[in-house]
Protein chains: 2
Amino acid sequence: MESLTIGKVARLAEVGVETIRFYEREGLIDEPKRRESGYREYPHETIQRLRFVRRAKDLGFTLKEIKELLDLRLEPGNACEHVRERAEAKIHDIETKVRTLQRMRKALTKLTMTCRGKRPVSECPILEAMEGDE
Amino acid sequence: MESLTIGKVARLAEVGVETIRFYEREGLIDEPKRRESGYREYPHETIQRLRFVRRAKDLGFTLKEIKELLDLRLEPGNACEHVRERAEAKIHDIETKVRTLQRMRKALTKLTMTCRGKRPVSECPILEAMEGDE
DNA sequence: ATAAGGTCTGTACTATACTACAGAGTCAAG
DNA sequence: CTTGACTCTGTAGTATAGTACAGACCTTAT
């Protein structure tokens, strides 16, 4: 069993070493155990965790929100009602994001159609497809 | 026909006045015409445009990317091939975002199920559902 | 055993996307 | 025709999310 130093984790998760230390300070990943030398030793799951953070970020979640998402699973069983409420709120956020993305995709597809038809791209289908849904 | 000053546009689009001037500097909205006094006078479309920016931002697009999206519609008809390529790349990005969001939603739904069953929330279904898809 | 490269803490700097003035001029309701 | 709200330019400050050292210590391959 090879030991996972911060550099290896960074390479595997495709983030920077400094970023990992930054996430540790921000509470997005647990403080790992240390060697006698002080070197951090990571469990394998950390890689998944870091990838989760990166992806969630790409989807427009802030680190604060990502922390909230991750913390959902840590709640004690007796706060179950509370956990479910928050999870359902996040699901709602996600569904709104998906709908908006789908409208954007539709608008862009329309744009490529217009394009394919060799007609000039005069009117913008992007903005028009973004109306409504507040 | 009432004139749309920056403050009115800001209220209608639900953004700050300073944000509008910032977006103008960054080229995300066109420079509007001015009164003799120097006051900006906006056309109605600006409101949709600002809403588009706000939403795209919530979906994890940077202002730079949003500008690219908006600029797609301005390309001259003869650069059609080029426009289509870029639009298709954006469609691909969007589809990836949608898939990731759907996996997150699935994971969260699973979490709420676990919750509803009154069992303790011990193992995290969120991270596990986020694997694969690079 | 030594040199190259990895890691440590701590602090400082950067990019992005605003946000907040200051000081001066403009508008419009009473 | 004033007065309070709005707008102007320009510059400075903030929050978020990293990124980059410096100076010192650790590891490992030769």
Looking only at region B:1-26, filter to residues that are open to solvent by 20 Å² or more (accessible area, probe 1.4 Å) and within 14 Å of another protein chain (Cβ to nearest Cβ); which one of those is farthest from DNA strand C (Cβ to nearest atom)? B:L12
Only one of (1) modelled with pLDDT of 90 or more; (2) polar (S, T, N, Q); (3) more than 16 Å from DNA strand C (Cβ to nearest atom) fails for B:T62. Which number is that? (3)
Of residues in region A:77-107 being of a type in the set (K, R) and within 18 Å of B:V98 (Cα to Cα), the one surrounded by the fewest Cβ atoms within 10 Å (Cβ to Cβ): A:R99
Suppose we filter B:E81, B:E31 for residues that are at pLDDT 90 or above, over 18 Å from A:I91 (Cα atoms) and not polar (S, T, N, Q); which single one remains? B:E31
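Suppose we keep only residues that are outside any helix (DSSP H, G or I) and at negative phi within region A:51-103. Which one would you say is farthest from the other protein chains (Cβ to nearest Cβ)? If you could, list the steps in order and put the result at the bottom.
Going through region A:51-103, the residues outside any helix (DSSP H, G or I) turn out to be A:59-62, A:73-76.
Restricting the remaining residues to those that are at negative phi gives A:59, A:61-62, A:73-76.
Numbers: A:L59: 5, A:F61: 8, A:T62: 10, A:R73: 4, A:L74: 8, A:E75: 6, A:P76: 8 Å.
Per the criteria, the residue is A:T62.
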In region B:5-22, what count of residues is obtained for those that are assigned to a helix (DSSP H, G or I) and in contact (Cβ under 8 Å) with a residue 40 or more places away in the chain? 2
From the option list A:K57, A:K8, single residue qualifying as of a type outside the set (D, E) and either out of contact with any Phe, Trp or Tyr (no Cβ under 9 Å at 6 or more places or on another chain) or away from DNA strand D (no atom under 15 Å from the Cβ) (or both) is A:K57
Enumerate the pairs (first residue in region B:55-69 and open to solvent by 60 Å² or more (accessible area, probe 1.4 Å); second residue anywhere and polar (S, T, N, Q)) with beta-carbon separation below 8 Å, excluding pairs fewer than 6 apart on the same chain, so at least 6 apart or on different chains. B:D58/A:T100
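If you take the residues of region A:27-45 that are open to solvent by 90 Å² or more (accessible area, probe 1.4 Å) and outside any helix (DSSP H, G or I), which of them is nearest to A:L70 (Cα to Cα)?
Step one: list which residues in region A:27-45 are open to solvent by 90 Å² or more (accessible area, probe 1.4 Å), which gives A:30-31, A:33-34, A:36, A:39, A:44-45.
Those left that are additionally outside any helix (DSSP H, G or I): A:30-31, A:33-34, A:36, A:39, A:44.
Working: A:D30: 11, A:E31: 15, A:K33: 20, A:R34: 23, A:E36: 30, A:Y39: 25, A:H44: 17 Å.
Ranking the qualifying residues of region A:27-45, first place goes to A:D30.
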Checked against (1) more than 9 Å from DNA strand D (Cβ to nearest atom); (2) closer than 23 Å to A:G60 by Cβ; (3) not basic (K, R), B:P43 satisfies every condition except (2)
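The values are calculated or read from the model by the stated rules, or taken from the named source; none is laboratory data. Fair warning: this is a prediction, and the values are worked out from it, not measured in the lab. Please note: Cβ atoms are built from the backbone with ideal geometry, for glycine as well, and neighbour counts cover all protein chains shown. The area values use the complete protein model at the heavy-atom level, side chains included, leaving out ligands, DNA and RNA. Shrake-Rupley method; radii C 1.70, N 1.55, O 1.52, S 1.80 Å.
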